[in-house]
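A short write-up of the structure that comes next.
Bear in mind these aren't lab numbers, they're just calculated from the coordinates by the rules spelled out. Small disclaimer: the values here were computed from a predicted structure and weren't measured. Here Cβ is always computed from backbone atoms with ideal geometry, including for glycine, and neighbour counts include all displayed protein chains.
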């Protein structure tokens, strides 16, 4: 076993500390960054520690079935690769390596609008794998439609619209070193490869004027005027299921139902964009109650281990999105590292379900947990 493989073995909660040794300061700052004082990032982690797993008596099952189907997508486990931008900060192969790892594991890969490689290249790397597309809705509707058409043509089946980043967060770790990858043309490959963006916002090739291109990107990325009234534009240009990511309140969950959305992701963006938000895990039960089974509820923000995944599922999530851990694996050992981290997390989830005396995660419920003292 190599040194990097050893670094990924064992306690997944220690991945951040291990990867910190191999990342340059600007990459580590961007990946670890939380908005403000990182209170929300810490709250996400603390929320999981407030729950313990209730161990039932009886025979430990020999086999556990983690398979599930979410909005028509069959999955070997209720675990998805969360959309993560600028992955080349962790490894030169970035999104390509992660998409390949997802295909090898049979897990669904969600490609970020802020990908370091354009969506078509990531789709090719993902091969016959399951892939969804995450949209940061730009201010230019023509550009948004172009993104949707390209994603559909490249085999992305589901659309995940992120709602909690209509403005970039105040991230001191980035500001202290004066770093933004976008001004170096990192993480904007979907824009610089897009015919609409190139026609309207790129008078010169990005390589010739990276700063000017980054500024043009910033003009269209932030969209504080985004509202429910604009959803028909998406419906008119996307035939597959639509999920909203960034739901934190029962009211917004009910609004999603009323607007015909197919699924939601309970998320606070891992604390990256808004500080002071409640932990996603604390928000989850009330949102599940508000949805009342009318659509799938996925969960994101703070999962570091298979036990964390079990707790989110027991509190009502149909599946979980995992982000930073696989990025740390990518930093440590590229595609192999990403695959190993996600394989380990799924294996740990299976073992936790087994130790709780369940044959499948689908029988977990709130009674499977107890408040930790």
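Site pair residue 183 and residue 355 shows an inter-label distance of 4.7 nm when each label is modelled 7 Å from Cα along Cα→Cβ.
Each label point was placed 7 Å from the Cα along the Cα-to-Cβ direction; for residue 209 and residue 365 their separation is 6.3 nm. Given the alternatives (1) 1.01; (2) 0.95; (3) 1.07, Cα Rg over 2.2 N^0.38 Å as computed for this entry is given by (2). For the pair residue 193 and residue 289, the difference between a 0.36 nm per residue extended length and the Cα-Cα distance amounts to 30.3 nm. From the alpha carbon centroid of the stretch 115-135 to that of the stretch 204-252 is 18 Å. Remark: 98, 267 ranked as 267, 98, counting other beta-carbon atoms within 10 Å and listing the fewest first. Taking the chain as the reference, fit the longest principal axis to its C-alpha atoms, fit the long axis of helix 94-105 to the helix C-alpha atoms, and give the angle between the two in degrees, 0 to 90, nearest 10. Tilt relative to the chain: about 40 degrees.
When 139, 40 are sorted by how many other C-beta atoms sit within 10 angstrom of their C-beta, beginning with the fewest, the order is 139, 40. Tilt of helix 210-221 relative to the longest C-alpha principal axis of the chain, in degrees (0 to 90, nearest 10)? Once rounded, the angle reads 60 degrees.
Annotation for residue 46 and residue 141: the two label points, set 7 Å from Cα along the Cα-Cβ direction, are 4.4 nm apart. Taking each DSSP H run with n ≥ 4 as -39500 (n - 2.57) and averaging over every residue of the chain yields -13000 deg cm²/dmol at 222 nm. State the Kirkwood hydrodynamic radius of the stretch 290-363 in Å, one decimal place, computed from all pairs of distinct Cα atoms. Taking the inverse mean of 1/r over all distinct Cα pairs, the stretch 290-363 comes out at 13.0 Å. Helix 324-355 and the longest principal axis of the Cα set of the chain meet at an angle near 30°.
Taking the fewest neighbouring Cβ atoms within 10 Å as the starting point, the ordered list for 136, 109 is 136, 109.
Judged by the gyration tensor of its Cα atoms, with axes a ≥ b ≥ c, the stretch 50-163 is prolate; a/c meets the 1.5 cut and a/b is the larger of a/b and b/c. Using R0 = 56 Å, the C-beta based FRET efficiency linking residue 59 and residue 218 works out to 0.45.
Its Cα gyration tensor gives the stretch 185-338 an equivalent ellipsoid, and the semi-axes of that ellipsoid, as √(5λ) in whole Å with the largest first, are 32, 23, 14.
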